[in-house]
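One structure below.
Every number here is computed from the coordinates shown, using simple stated rules; none is lab data. Not measured: the values here are computed from a predicted model. Reconstructed Cβ throughout: ideal geometry from the backbone, glycine too, with neighbour counts over all protein chains shown.
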Amino acid sequence: MRGDGRGLVPRADVARAVLVPFVLARVLVGGALAISRHLVEQLHVSPVPIQIDQGLMAWDAAFYRDIAASGYDGVAAEGLRFFPLVALLGRVVALLPGVDAELGVLLIANLSALAFGFVFYALAWRERGDEAFARRAVWLAYLVPPAFVLVMGYAEATVMLLAALTLLALRSRRWWLAAVTGYLAGLARPVGVLLAVPALVEVIQHRRTMTRAELGGRITAVVAPFAGLFTYLAWASDRGDGFLYPLRVQEDPERRGSWKFPVTNVIDAARDAGADRVSAGVHVVAAMLLIVLLVVLIRRWPASYSCYAGAVLVLALSASNLDSLERYGLSTLPFLLAGADVTDAPDAERVVLVLAAAGLVVAAVLAFTGILVP
């Protein structure tokens, strides 16, 4: 049994709430990969998209695999944009007999995704004390369309695990735990640094109850994500073109691109969608959905959640290339909590989960066939 004074939930129910959607997501993504390969073969597509052969190590996952196998010397200098934590963990796992770098990265991603489900359940349970809400939040996290990357060798699952641990620690005022997980998040992906936002908001909101003994922990919790980012940038500074190179390399038009005003950027994407660009249309729909969920967070959820989600959304929408917008939304856990919040009616929950699962398959097929950039 587990609980926080709001009631108790049998451990078997918690395990079922996590394991069932976790396994289902992997079956669906595996099926999507099989469908993609069948379509390419039957339609005689030429040239065959490279992602078809790469499978679960397609797109960014290939970089994490190569870094895990050979370090940053094994990739081009632009590979420095991939932060080291997942590749490093994959390299450690690859020391096991029969495990290579590719399998090591996949194991880290999927084990992180599994652990994330349990921590995210605990976070949702802490906030609402509602078993149905916590279960729905976990199902959404595993089945929303961009969640296919949680099955691949991406860093998202690890980042989401660290974010869930950080938010749970902050909300429970366990500042030193939040500092450790926030630091690791800063080493995992650049957006990990934004966990400093909810840390700062929580510290400010609880300033009147702060004791002298807590001061160091609270300050460290705020600074830690920046420290993680700084640690990697300092290490990489002599391997690229300057201290900020791992961040600046993202400004390539084929990646994040240059900075743009978010509203103008979404309007431009809508125009591209009108010109029959599939990915642009997906990004516009995702942007609108995330904005609606942000409003829900502002109205119903703690300020630390809405400030964190708002900071991520502004950052994501300010990129001239909106590819990966959906991944940004997925890894920002308050958006998932808001989604679970607005689908509390049984009929709405069933419809949304079915549509989400269908969208997961479609998004995975588009990514495996090279049409949609994860």
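Quick look at the values:
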item	result
One residue from Asp344, Asp323 being crowded, with 17+ Cβ neighbours inside 10 Å, of a type in the set (Asp, Glu) and more than 23 Å from Pro225 (Cβ to Cβ)	Asp323
Selection status of Ala163, part of a helix (DSSP H, G or I) and surrounded by fewer than 24 Cβ atoms within 10 Å (Cβ to Cβ)	no
Residue in region 130-146 that is touching a Ser or Thr at 6+ places or on another chain (Cβ under 8 Å) and under 30 Å from Phe243 (Cα atoms) present	no
Close pairs (9 angstrom Cβ cut-off, 6 or more residues apart or separate chains): on the phi < 0 side of the Ramachandran plot and in contact (Cβ under 8 Å) with a residue 12 or more places away in the chain in region 105-132, surrounded by fewer than 17 Cβ atoms within 10 Å (Cβ to Cβ) and polar (S, T, N, Q) anywhere	Arg126/Ser172
Filter result for the condition that a residue is closer than 26 Å to Leu353 by Cα and not hydrophobic (A, V, I, L, M, F, W, C), over Pro49, Pro21	Pro21
Search result, residues across region 201-216 that are of a type outside the set (D, E, K, R) and surrounded by fewer than 19 Cβ atoms within 10 Å (Cβ to Cβ)	Ile204, Gln205, His206, Thr209, Met210, Thr211, Ala213, Leu215, Gly216
Those helices (runs of 4 or more DSSP H) lying entirely in region 205-317 with at least 3 residues closer than 27 Å to Leu333 by Cβ and within 23 Å of the chain's Cα centre (by Cα)	212-236, 262-274, 278-300, 303-317
Boolean, Leu168 is under 30 Å from Ala62 (Cα atoms), out of contact with any His (no Cβ under 8 Å at 6 or more places or on another chain) and either charged (D, E, K, R) or assigned to a helix (DSSP H, G or I) (or both)	no
Residue check, Leu355 in a helix (DSSP H, G or I), at negative phi, surrounded by fewer than 22 Cβ atoms within 10 Å (Cβ to Cβ) and more than 18 Å from the chain's Cα centre (by Cα)	yes
Val29 vs. criteria in a helix (DSSP H, G or I) and touching a Pro at 6+ places or on another chain (Cβ under 8 Å)	no
Filtered residue count, region 171-181, keeping only those that are in contact (Cβ under 8 Å) with a residue 24 or more places away in the chain and outside any helix (DSSP H, G or I)	2
